[in-house]
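In what follows, a structure is listed as structure tokens, so that the remarks can point back to it.
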Amino acid sequence: MSIVSVITGAAGGIGAATARRLANRGPLLLADRFEEPLALLADQLRRDGARVATQFCDVADPASVRNLVARASSTGPIGGFAHLAGISSHSGDWESVVRVDLLGTAYVAREVLAAAGSETALVCAASMAGHRPVPDALLAILEEPLAANFMDRIRPFVDDPEPRSAYAAAKRGVLMLCRRQARAFGQKGARIVSISPGFIDTLMTRRATELRPVIAEQIKGSTLHRIGRPEEVAAAVDFLSGPDASFITGCDLLVDGGVTGGGEVNGDLRWSGHLTAP
Ligand SMILES: NC(=O)c1ccc[n+]([C@@H]2O[C@H](COP(=O)([O-])OP(=O)(O)OC[C@H]3O[C@@H](n4cnc5c(N)ncnc54)[C@H](O)[C@@H]3O)[C@@H](O)[C@H]2O)c1
């Protein structure tokens, strides 16, 4: 059986760019909770000769994630698994942001680990927002996203009317999870890494910029003075999920045009700080 690649959030900006990039690698299983754009993308890719299947998946629903991974495994051994589904603080309350972005990633990692073989590489979308300073007490809570009382424990830190701290906390949790899970994946010869995009030109950033025009200024003042393209993130996902990255696991790759390293917009970072990034 051929090795199958899987993409969640495949109807989104970065997900669709990744699907186009991976289309010639072998069979591709595209998942999203929005099925119509997914079907359109799959038709396009098939016309170009790709072997593509689609599946509805709500990553915040453990059963839905289990079904997706079972479908992938029935197609063949899982190779690259790009988990790119996510919502920003501009498209949900704090609970939805934490449930989709962090708990969704925990469900995906759990199911992919159970199905993993030596060819498996899970790449999870974190964010440069996850690199912001976080209170130590919150870090301790983020260690156990699947604990029964997790939502009650995290609430005091993230229960904002505009849940930017929920997004940053969820994405920090993704960074931590990918480090923590590396040993378990390694037992199977499999890998797990995260990527941290900066400002990337997708619907998510466009919506955020409409609501917070300061983002446009932050992009202009950033290290490379421009927004990133979804294809630039897809290239990183392609590398990390493929055989060229065979000795890379348990770490994060910032794909943010130097915003975090360059420090320009980090000047007054604080927990509920002004870095409004998706
Ligand atoms: N665009 C950016 O600037 C940026 C920056 C940092 C991190 N990210 C992260 O990169 C990933 C992709 O972002 P994007 O810019 O392509 O966003 P996008 O909004 O264009 O796409 C996200 C996709 O995820 C899907 N999705 C949302 N909730 C889901 C759920 N519960 N189950 C299944 N699918 C779901 C959406 O339907 C959409 O197709 C996200 O995790 C995002 O947080 C993006």
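Side notes on the structure shown:
- Reported value for region 170-253: 105 Å³ per residue, from the convex hull of its C-alpha atoms.
- Cα-derived Rg over Rh, computed across the chain with Rh taken as Kirkwood radius: 0.95
- Net charge over other residues, Cβ less than 10 angstrom from the Cβ of residue 230 (K, R count +1; D, E count -1): 0
- Normalising by residue count, region 82-183 has a Cα convex hull of 94 Å³ per residue.
- Value of [θ]222 nm, deg cm²/dmol, for the chain, DSSP H segments ≥ 4, -39500 (n - 2.57) each, nearest 500: -13000 deg cm²/dmol
- Building the convex hull from the alpha-carbon atoms of region 103-157 and averaging its projection over directions returns 4.8 nm².
- Using the empirical formula 2.2 N^0.38 Å as the baseline, the Cα radius of gyration of region 1-103 reaches a ratio of 1.04.
- Given the chain, longest segment not containing exposed loop trypsin sites (Lys or Arg not before Pro) (DSSP; at most 15 other Cβ within 10 Å): 1-187
- When the Cα atoms of region 32-91 are aligned to their principal axes, the ranges along those axes come out at 37, 26, 18 Å in descending order.
- For region 194-210, backbone nitrogen atoms closer than 18 Å to the point 7 Å from residue 40 Cα along Cα-to-C-beta are found at 202-207.
- Within a Gaussian network of the chain (alpha carbon springs, distance under 10 Å), most fluctuating of 176, 151, 204: 151
- Unit Cα scatterers, Debye sum, region 124-266: log10 I(q)/I(0) for q = 0.10, 0.16, 0.17, 0.18 Å⁻¹: -0.38, -0.95, -1.05, -1.14
- R0 of 45 Å, Cβ-Cβ distance residue 136-residue 51: FRET efficiency to nearest 0.05: 0.40
Read-outs: derived from the displayed coordinates by stated rules, not from any lab. Remember, it's a predicted structure, so these values are computed and weren't measured experimentally. No Cβ is skipped: glycine too gets one built from the backbone with ideal geometry, and neighbour counts run over all protein chains shown.
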